[in-house]
């Protein structure tokens, strides 16, 4: 039997969309379990790429192409997946802070989190602290992930932490922050539990925060 899982992981890692969709179909026809195809093929490939990215051996354009390939595979697989196959790790509300219109980093974090089993609600850009808190309550989120690309807008982030506290959500919800001017030290100073300096690290950090909450 061909090694469909290795082919899928490699196809996702290299962003070969055609190979990924074709292999998903072949694996299904061969009677392979949809959950196995998803977790040990598609997700394994995106994780491998995330590690390469963290090691400086892969770059943002490659991540975008790989995520596209994975999504095509997912579309092919979706009708065959049962709820039990999709391991939902948690719910994340993501957005760029008020006054900041940058969205490339946020979009990459969203894609990587979704590809790794998170249910992500994207609030877009220029999002107020109260909107973050409201969306967190409405979606029953576990994590608030916020991005600021400017030193002038990073000063808004403490307001988000405060808004989440005022909404009475601080015990359940963890705040994760990132963006060019952001540091772990800044996160510690303002009471944000999580910090990630790139989209691959965001997945590891979200996993860490979910364990803290467990």
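Only the coordinates and a few stated rules stand behind these numbers; no lab work does. Everything numeric in this text was worked out from a predicted model, so none of it was measured. Cβ coordinates were reconstructed from backbone atoms using ideal geometry, including for glycine residues, and neighbour counts include every protein chain displayed.
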Please compute the alpha carbon radius of gyration of the range 108-154, then divide it by the globular-protein estimate 2.2 N^0.38 Å. Two decimals is fine.
1.21
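Can you give the percent of C-alpha pairs in the chain whose distance is more than 22 Å?
Details: 11369 of 22791 pairs.
Of all Cα-Cα pairs in the chain, 50 percent lie more than 22 Å apart.
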When a footprinting reagent is the concern and you count Cβ atoms within 10 Å, what order do 49, 149, 169, 8 take, fewest first?
169, 149, 49, 8
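For every helix of n ≥ 4 consecutive DSSP H residues, a contribution of -39,500 (n - 2.57) applies; sum these over the chain, divide by its total residues, and give [θ] at 222 nm rounded to the nearest 500 deg cm²/dmol. Please list the in-between numbers first.
On the way: 9 runs with 109 residues, N = 214.
Result for the chain: -16000 deg cm²/dmol, rounded to the nearest 500.
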If I fit a long axis through the Cα atoms of helix 199-213 and take the longest principal axis of the Cα atoms of the chain, what angle between them do I get, 0 to 90°, rounded to 10?
70
Between the alpha carbon centres of the range 135-214 and the range 33-84 the gap in Å comes to 25
Helix axis angle, 43-54 relative to the chain longest principal axis, alpha carbon, degrees
50
Assertion target for 132, 53, ordered by fewest C-beta neighbours within 10 angstrom first, is 53, 132
Out of 80, 102, 121, any idea which swings most in a Gaussian network model of the chain, alpha carbons joined below 10 Å?
80
Taking the chain as the reference, fit the longest principal axis to its C-alpha atoms, fit the long axis of helix 60-77 to the helix C-alpha atoms, and give the angle between the two in degrees, 0 to 90, nearest 10.
60
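Once R0 is set to 25 Å, what does the formula 1/(1 + (r/R0)^6) return for the Cβ-Cβ distance between residue 88 and residue 33, expressed as a FRET efficiency to the nearest 0.05?
Details: r = 18 Å, r/R0 = 0.72.
Efficiency, from the Cβ-Cβ distance: 0.90.
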Counting only the backbone N, which residues of the range 52-91 are under 12 Å from the spot 7 Å out from the Cα of residue 170 toward its beta-carbon?
none
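What does DSSP give for the chain in terms of the percent of beta bridges that are antiparallel, rounded to the nearest 5? Present the calculation step by step, with values, prior to reporting the outcome.
Details: 0 of 18 bridges.
Bridges in the chain are about 0 percent antiparallel.
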